[in-house]
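Colleague: Below you will find the structure I want to go over with you.
The values are calculated or read from the model by the stated rules, or taken from the named source; none is laboratory data. Computed from a predicted model, the values in this text were never measured in an experiment. Glycine also receives a Cβ, built like all others from the backbone with ideal geometry; neighbour counts cover every protein chain displayed.
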Amino acid sequence: MSTELHYPKEWSDLNVVLCHDWLTGMRGGERVLEILCQAFPSAPIYTLLYNRDAVSETINAHAVHTSFLQRVPGITKSYRNFLPLFPAAIRHMMPPEADLIISTSHCVAKSLRPTGKTRHLCYCFTPMRYAWCFYEEYFGSNSLKAVIAKPILSALRRWDRTTASRVDRFVSISQHVQDRLRMAYGRESDIVFPPVDVHRCTPDETTTSECSFDLVVSALVPYKRVDLAVEAYSRLGYPLKVVGTGTEFDHLRKKAAGNVEFLGWQTDESVLELYRSCRMLIFPGEEDFGIVPLEAQACGKPVVAFRKGGATETVNDGVSGVFFDEQSVESLAQAVEACASTTWNPRAVRQHAEQFGPQQFIDGLTRSVTACLQSEHHA
């Protein structure tokens with residue numbers, strides 16, 4: 001994050017252990033971990049896998065402890081194939097006794113077992129996505145993989161629910177995830193929105209040229225539904241730039257018309273310039289929260305989003321964007337036309353995003369940390 005944050009003074013006296021699923025790149029989860037690394041500069045990090053070259057120096061400055069999976073050659077590129085071994089890997093990790101474990105989890109980090117009287121606060125991006133939701137999106141297109149995965153995922157769900165007892169207090173990233181966590185674990189949770197770097201993501205006040213293209217920034221995997229945007233824009237004819245890589249890259253590029261341009265991976269600086277110069281951001285998938293739409297809004301740009309999941313909590317309909325109600329090409333195309341015909345106030349769009357800044361994240365997490373340390377030990 002590009003501005004100084006104010007952490008509570010009492011945090012400096014806490015002995016904290018951090019836990020993250022894996023460290024193989026810098027995405028939204030790792031940006032959250034970065035803030036915690038700044039807050040607790042001496043905290044060790046426990047993680048299944050670690051690629052030093054793929055994460056920031058803020059994270060690399062900490063002592064990082066990995067699981068036995070780290071010894072598998074090429075594991076950081078093929079780790080998803082080892083999903084059935086993740087429970088054993090986290091089970092064999094033994095953190096020292098501390099005042100508090102803070103796990104940032106979307107898979108197994110929340111299952112790290114505390115030692116002694118250590119309290120455990122889990123900042124939950126989602127319960128294990130592979131096991132509890134998006135089954136068809138991950139496995140449905142491959143019938144053999146689906147048959148093999150079914151009993152494995154059933155066992156993972158049982159294990160995942162059982163090990164939720166290792167957490168004293170859960171924090172969800174959105175109401176959408178809070179509902180999912182309640183369904184999966186039978187546990188209540190606080191809600192603290194993830195931090196959006198509104199100090200870095202700002203409008204370009206110097207630009208005077210008319211915005212000539214629309215934008216998608218996404219991993220190119222099935223559940224993100226980038227295919228809807230590609231098909232809609234192939235029909236509409238408006239220029240669309242698509243940032244991202246993934247298993248769907250070649251398939252999407254083959255089906256796209258000439259007005260749809262695939263840019264592949266881009267640096268943070270390049271993405272920021274694209275936010276600033278686009279006409280609107282298209283967000284066609286169902287997400288747990290969604291940092292990208294808020295980064296675009298912080299740059300003063302409206303968002304066209306599917307009316308489900310985290311976007312319903314981060315896009316202000318009519319003020320900072322437009323929703324579409326069905327994941328269909330027709331519904332998305334209608335929303336794009338509605339957004340294009342609306343005169344947007346960039347200042348109002350940005351003001352909406354400013355509610356999700358990093359200091360708001362710290363202030364919310366402070367309340368949850370205090371409650372966790374004062375509550376009765378759950379595990």
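Colleague: Restricting to segment 297-328, count the residues that are surrounded by fewer than 23 Cβ atoms within 10 Å (Cβ to Cβ), of a type in the set (G, A, S) and touching a residue at least 60 places away in the same chain (Cβ under 8 Å).
Modeller: Here the count works out to 2.
Colleague: Just to be sure I understand, how many residues within segment 256-265 are modelled with pLDDT of 95 or more and under 28 Å from R80 (Cα atoms)?
Modeller: Number satisfying all stated conditions: 3.
Colleague: Looking only at segment 274-289, decide whether some residue is within 25 Å of F125 (Cβ to Cβ), among the hydrophobic types (A, V, I, L, M, F, W, C) and at pLDDT below 95.
Modeller: Yes, that holds for at least one residue.
Colleague: Every residue in segment 159-201 that is assigned to a loop (DSSP other than H, G, I, E, B) and surrounded by fewer than 17 Cβ atoms within 10 Å (Cβ to Cβ), please.
Modeller: Residues satisfying the conditions are G186, E188, H199, R200.
Colleague: Modelled with pLDDT under 95 and under 15 Å from P194 (Cβ atoms) - does that describe any residue in segment 303-310?
Modeller: Yes, segment 303-310 has at least one match.
Colleague: If you don't mind, another one. Quick test for you: out of S331, S368, pick the one residue that is surrounded by 15 or more Cβ atoms within 10 Å (Cβ to Cβ), in a helix (DSSP H, G or I) and not assigned by TED's automatic domain parsing to the domain that holds A229.
Modeller: Only one candidate qualifies: S368.
Colleague: Do we find a residue being under 22 Å from the mean Cα position of the chain (by Cα) and free of Cβ contacts under 8 Å to residues at least 24 places away in the same chain anywhere in segment 366-373?
Modeller: no
Colleague: Anything in segment 97-145 that is modelled with pLDDT under 95 and assigned to a helix (DSSP H, G or I)? List them, or say none.
Modeller: R129, Y130, A131, W132, Y135, E136, E137, Y138, F139, S143, L144, K145
Colleague: Hey, among A164, A184, A229, which residue is touching a residue at least 12 places away in the same chain (Cβ under 8 Å), within 30 Å of C278 (Cα to Cα) and not polar (S, T, N, Q)?
Modeller: After applying the criteria, what remains is A229.
Colleague: Give the residues of segment 53-103 that are farther than 19 Å from V17 by Cα, touching a strand residue (DSSP E or B) at 6+ places or on another chain (Cβ under 9 Å), of a type outside the set (S, T, Y) and touching a residue at least 24 places away in the same chain (Cβ under 8 Å), sorted by residue number.
Modeller: Within segment 53-103, A54 is the sole residue that qualifies.
Colleague: Which residue pairs have Cβ atoms under 6 Å apart, sit 6 or more places apart or on different chains, and have a first residue in segment 239-255 that is under 24 Å from E273 (Cα atoms) and a second that is assigned to a loop (DSSP other than H, G, I, E, B) and among the β-branched types (V, I, T)?
Modeller: Once the first residue is under 24 Å from E273 (Cα atoms) and sits in segment 239-255, its partners that are assigned to a loop (DSSP other than H, G, I, E, B) and among the β-branched types (V, I, T) give G246/V221.
Colleague: Would you check which residues across segment 243-259 are in a loop (DSSP other than H, G, I, E, B) and more than 17 Å from G28 (Cα to Cα) and list them?
Modeller: Correct list: T247, E248, A256, A257, G258, N259.
Colleague: For the subset of segment 71-89 comprising residues that are modelled with pLDDT under 90 and surrounded by fewer than 12 Cβ atoms within 10 Å (Cβ to Cβ), which member is farthest from D53 (Cα to Cα)?
Modeller: By that ranking, first place goes to N81.
Colleague: Run down S234, S218, S212 and say which single residue is among the polar types (S, T, N, Q) and exposed (fewer than 15 other Cβ atoms within 10 Å of the Cβ).
Modeller: S212
Colleague: Continuing with the same structure: Hey, does segment 55-70 have a residue that's in the same structural domain as I173 (by TED's automatic domain parsing), loosely packed, with under 12 Cβ neighbours inside 10 Å and in a helix (DSSP H, G or I)?
Modeller: Among the residues of segment 55-70, at least one is in the same structural domain as I173 (by TED's automatic domain parsing), loosely packed, with under 12 Cβ neighbours inside 10 Å and in a helix (DSSP H, G or I), which makes the answer yes.
Colleague: Among the residues that make up segment 239-261, is at least one of them aromatic (F, W, Y), assigned by TED's automatic domain parsing to the domain that holds A335 and loosely packed, with under 14 Cβ neighbours inside 10 Å?
Modeller: No; the residues of segment 239-261 include none that is aromatic (F, W, Y), assigned by TED's automatic domain parsing to the domain that holds A335 and loosely packed, with under 14 Cβ neighbours inside 10 Å.
Colleague: Could you list, in sequence order, all residues of segment 153-186 that are closer than 18 Å to P114 by Cα and either assigned by TED's automatic domain parsing to the domain that holds T314 or basic (K, R) (or both)?
Modeller: R161, R166, R169 - these are the residues of segment 153-186 that are closer than 18 Å to P114 by Cα and either assigned by TED's automatic domain parsing to the domain that holds T314 or basic (K, R) (or both).
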